[in-house]
Ligand SMILES: *Cc1c(COP(=O)(O)O)cnc(C)c1O
């Protein structure tokens with residue numbers, strides 16, 4: 001296979017197959033920077049997270065950065081107690097409320113510590129009666145959540161698991177659950193690594209539901225009232241790393257003794273997420289993404305496009321003689337699509353060749369192998385088309 005060097009780069013344009021040479025193209029870290037007389041090769045970032053953000057948002061950040069709203073100060077410099085930030089926080093909350101139709105009896109909180117922080121926060125705040133939670137074992141992140149709760153002395157019961165199927169399908173609730181013995185059910189709505197999604201949320205009448213929506217937050221419509229808690233680290237589908245959104249039914253939030261302040265739902269609710277310095281920049285950037293999303297027709301609009309994008313790749317994979325997606329059709333994710341050839345060395349060659357064409361970060365998670373394409377909200381259709389064209393040509397040229 002041809003290896004581009006600092007002085008010589010060749011790449012094939014997926015669709016027209018014309019070949020360019022340039023002494024100025026060069027590798028820098030993960031990225032191919034490519035310039036020929038003003039022609040910039042488009043780069044598409046299929047990373048599972050931190051992940052692609054909308055181009056107009058990146059450009060807005062660039063414009064705002066030295067001087068936010070004519071203040072003469074950068075978002076990086078302003079106080080979290082300033083009126084400038086008050087507006088940013090209030091608008092982000094309202095825009096999220098509008099987009100997800102979050103009713104008034106739910107609060108929106110902003111934490112640090114990522115999805116992983118919530119694996120501890122949820123049991124600390126909510127597993128206070130039985131000190132026991134239930135889990136559907138749908139893969140890596142469900143296991144991480146269970147392990148973190150167990151570390152805190154909470155009993156974790158796995159109600160169903162699809163480990164034996166390598167998580168290529170989703171576990172479902174058994175028909176009878178002793179609901180009186182658990183404080184809540186933990187559910188990983190979208191399994192980022194395995195590429196599965198609960199398109200219908202499992203319902204259990206009186207078991208509170210805590211949902212890890214980190215990787216398909218705002219990717220498809222859900223009824224907030226089906227959940228007691230929804231949490232999501234921003235860096236998959238909402239914005240930059242650093243802020244974690246928690247949407248919580250106010251009625252289940254109670255003061256709990258001996259909690260670290262940074263994980264305390266009740267404290268953050270009474271302080272409007274401003275108990276201490278919040279991740280100011282990350283909240284500002286996520287706020288811009290929410291405004292961008294509204295302009296895309298909201299969750300319904302983006303869901304339509306997400307379905308079309310995912311369908312293009314699944315359709316290709318299902319007809320390919322080289323590549324396949326191992327996931328049960330009904331459980332397939334719109335945001336994270338693993339696929340492979342069955343030959344690890346060939347998979348690695350595909351990843352490398354794709355990167356030479358500007359299709360970045362397609363390497364699959366080590367536990368699944370192969371490749372993985374993440375189509376978050378900010379992935380344009382042109383990126384999906386470029387990927388499918390590339391895979392098609394790769395397959396044909398063999
Ligand atoms: C990425 C991810 C996490 C972990 O998020 P961090 O913010 O890195 O802690 C948890 N759950 C899911 C479903 C994820 O995709």
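The values are calculated or read from the model by the stated rules, or taken from the named source; none is laboratory data. Treat the numbers as computed from the prediction; the structure is a model and nothing was measured. Quick reminder, even Gly has a Cβ in these numbers, built from the backbone with ideal geometry, and neighbours come from all protein chains shown.
What residue, among those in region 93-105 that are outside any loop (DSSP other than H, G, I, E, B) and touching a strand residue (DSSP E or B) at 6+ places or on another chain (Cβ under 8 Å), is surrounded by the fewest Cβ atoms within 10 Å (Cβ to Cβ)? Explain how you work it out, then say what you get.
Taking region 93-105 first, the residues outside any loop (DSSP other than H, G, I, E, B) are 93-100.
Retained after the next criterion (residues that are touching a strand residue (DSSP E or B) at 6+ places or on another chain (Cβ under 8 Å)): 93, 96-97, 100.
Numbers: 93: 21, 96: 20, 97: 17, 100: 22.
Among them, the one singled out is 97.
I need the full set of residues from region 212-236 which are more than 10 Å from the ligand (Cβ to nearest atom) and either out of contact with any helix residue (DSSP H, G or I) (no Cβ under 8 Å at 6 or more places or on another chain) or not assigned by the TED database to the domain that holds residue 177 (or both), in order please. Break it down stepwise before answering.
Here is the first cut: in region 212-236, the residues more than 10 Å from the ligand (Cβ to nearest atom) are 218-230.
Residues satisfying the conditions are 223, 225, 226, 227.
Tell me yes or no: at least one residue of region 128-139 is within 16 Å of the ligand (Cβ to nearest atom), under 21 Å from the mean Cα position of the chain (by Cα) and over 24 Å from residue 170 (Cα atoms).
No, region 128-139 has no match at all.
Okay, residues lined up against (1) within 22 Å of the chain's Cα centre (by Cα); (2) away from the ligand (no atom under 16 Å from the Cβ); (3) under 25 Å from residue 253 (Cα atoms):
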| position | (1), (2), (3) |
| --- | --- |
| 122 | yes, no, yes |
| 142 | yes, no, yes |
| 158 | no, yes, yes |
| 165 | no, yes, no |
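Is it true that residue 269 is over 21 Å from the mean Cα position of the chain (by Cα), within 16 Å of the ligand (Cβ to nearest atom), touching a residue at least 60 places away in the same chain (Cβ under 8 Å) and within 16 Å of residue 110 (Cα to Cα)?
no
Which one of the conditions (1) in contact (Cβ under 8 Å) with a residue 40 or more places away in the chain; (2) closer than 30 Å to residue 142 by Cα does residue 89 fail to meet, given that it meets all the rest?
(2)
What residue, among those in region 178-203 that are more than 16 Å from the ligand (Cβ to nearest atom) and under 17 Å from residue 127 (Cα atoms), is surrounded by the most Cβ atoms within 10 Å (Cβ to Cβ)?
Of everything passing the filter in region 178-203, 182 is surrounded by the most Cβ atoms within 10 Å (Cβ to Cβ).
Can you pull out the residues in region 39-56 that are in a loop (DSSP other than H, G, I, E, B), more than 16 Å from the ligand (Cβ to nearest atom), out of contact with any helix residue (DSSP H, G or I) (no Cβ under 8 Å at 6 or more places or on another chain) and modelled with pLDDT of 95 or more?
43
Restricting attention to region 275-295, does a residue exist that is free of Cβ contacts under 8 Å to residues at least 24 places away in the same chain and more than 24 Å from residue 115 (Cβ to Cβ)?
The answer is yes; a qualifying residue exists.
For residues that are more than 15 Å from residue 186 (Cα to Cα) and buried (at least 21 other Cβ atoms within 10 Å of the Cβ), scanning just region 243-254, find the one that is farthest from the ligand (Cβ to nearest atom).
253
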